[in-house]
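Enquirer: To start, I am sharing the structure in question, which I have written as structure tokens.
Derivation of every value follows stated rules applied to the coordinates shown; laboratory data play no part. Computed from a predicted model, the values in this text were never measured in an experiment. Here the Cβ is made from the backbone with ideal geometry for all residues, glycine too, and neighbour counts use every protein chain on show.
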Amino acid sequence: MLKKFSHTLRWEIYMMKAVSNKQFNISLIFYAAISNFNPNFLRRLSATQTKWTETLSATPFRFNHIQFRCVAFMMQESGKRKKPNILVTGTPGTGKTTMSTALAEATLLRHINVGELVKEKNLHDGWDDELDCYVLNEDLVCDELEDVMEEGGNIVDYHGCDFFPERWFDYVIVLQTDNTILYDRLSKRGYNESKLSNNVECEIFQVLLEEAKESYPEDKVVAMKSDNIEDISRNVATLTDWISNWPIPS
Ligand SMILES: Nc1ncnc2c1ncn2[C@@H]1O[C@H](COP(=O)(O)OP(=O)(O)OP(=O)(O)O)[C@@H](O)[C@H]1O
């Protein structure tokens, strides 16, 4: 009896901490729901009724009324992020890494350079000689990022955007650069003629902007000019302002 009580109490303390830090996950939630909790504790947690109740009605779990509300509340809370996630995309050379680094310094958000991550963690299916780059494995990349994206507070930098889950991002920034400036930047990198013209054409036809508009709601997608240092400073200031005013969930 005493053993059961102390086990329950330990879980209650753990759950209270998890709830206040918003660090719970679905398995923990179900554990809570099917555990023998003190009704007062469950009542405290279930103060908020949510639309998750409809989802929960469809599950095979049999909850009592209080457990049901408790789980609904925690599921709703677990879907919220304390900090926004930002995707910075654009043709190679438009300045994604340069701007993301400066933005991460200004906001203390985490900068994730997907190209580097793919190399570092082997999240690819080998090297493409023709395109002169790794063939990214989208499933491996998404699996690798899922947990940190759920947490929030990430600046993801990649020259593609259509394979990430839409729900991950609060803002999608598409950097754009004047064609001749981009040509010069990519020549300095030593790109061969075919890679160079492919990328400049991609910029001329605004391929990344179209991809972003097709993959995310229009109000999340913003194009920003990135021709010179002043553009970077202005973009970083604008984004820092958005991030600091990003709604903290109640
Ligand atoms: N707004 C800018 N003004 C001046 N120079 C810039 C600007 N943005 C980037 N550069 C320069 O262009 C080069 C490419 O920048 P960067 O590596 O940030 O581009 P990227 O979009 O991240 O490229 P990739 O997709 O290949 O990683 C760097 O030498 C950087 O200093």
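Enquirer: Using only the Cα atoms of the stretch 85-216, each taken as one equal point scatterer with no solvent, compute I(q) by the Debye sum, divide by I(0), and report log10 of the ratio at q = 0.12, 0.17, 0.18 Å⁻¹.
Expert: The Debye formula, applied to the Cα set alone, gives -0.47, -0.96, -1.08.
Enquirer: Moving to a separate point now. Test of understanding: ordering ASP162, ASP227 by Cβ neighbours within 10 Å, fewest first, what list do you get?
Expert: Ranking ASP162, ASP227 by Cβ neighbours within 10 Å, fewest first, gives ASP162, ASP227.
Enquirer: The stretch 107-138: which trypsin sites (Lys or Arg not before Pro) are DSSP loop and have at most 16 other beta-carbon atoms within 10 angstrom? Before the final figure, lay out the partial values.
Expert: Numbers: sites: ARG110, LYS119, LYS121; in loops: LYS121.
Hits after loop and neighbour filter: LYS121.
Enquirer: Around MET224, which amide H atoms from residues at least 5 apart in sequence, or from another chain, sit under 5 Å from its own amide H, with H modelled in the peptide plane?
Expert: VAL174, LEU175, GLN176
Enquirer: Treat the count of other C-beta atoms within 10 Å as a stand-in for reagent exposure and order ILE86, ILE181 from fewest to most.
Expert: ILE181, ILE86
Enquirer: Return the long-range amide H neighbours of TYR134 (sequence gap of 5 or more, or a different chain), with a cut-off of under 5 Å between placed amide H atoms.
Expert: Hits under the 5 Å cutoff: ASP128.
Enquirer: Compute the orientation-averaged projected area for the stretch 182-250 from the convex hull of its Cα atoms and round it to one decimal in nm². Intermediate values should be presented prior to the final figure.
Expert: On the way: hull surface 25.6 nm².
The directionally averaged projection comes out at 6.4 nm².
Enquirer: For the stretch 109-174, compute Rh as the Kirkwood radius over C-alpha pairs and then the Stokes-Einstein diffusion coefficient at 37 °C and 0.692 mPa s; write the answer in µm²/s, rounded to an integer.
Expert: This corresponds to a translational diffusion coefficient of 261 µm²/s.
Enquirer: Also, quick follow-up: I need GLU230, GLU151, GLU116 ordered by Cβ neighbour count within 10 Å, fewest first. Show your work: numbers first, answer last.
Expert: Values: GLU230 9, GLU151 15, GLU116 12.
Neighbour counts put them in this order, fewest first: GLU230, GLU116, GLU151.
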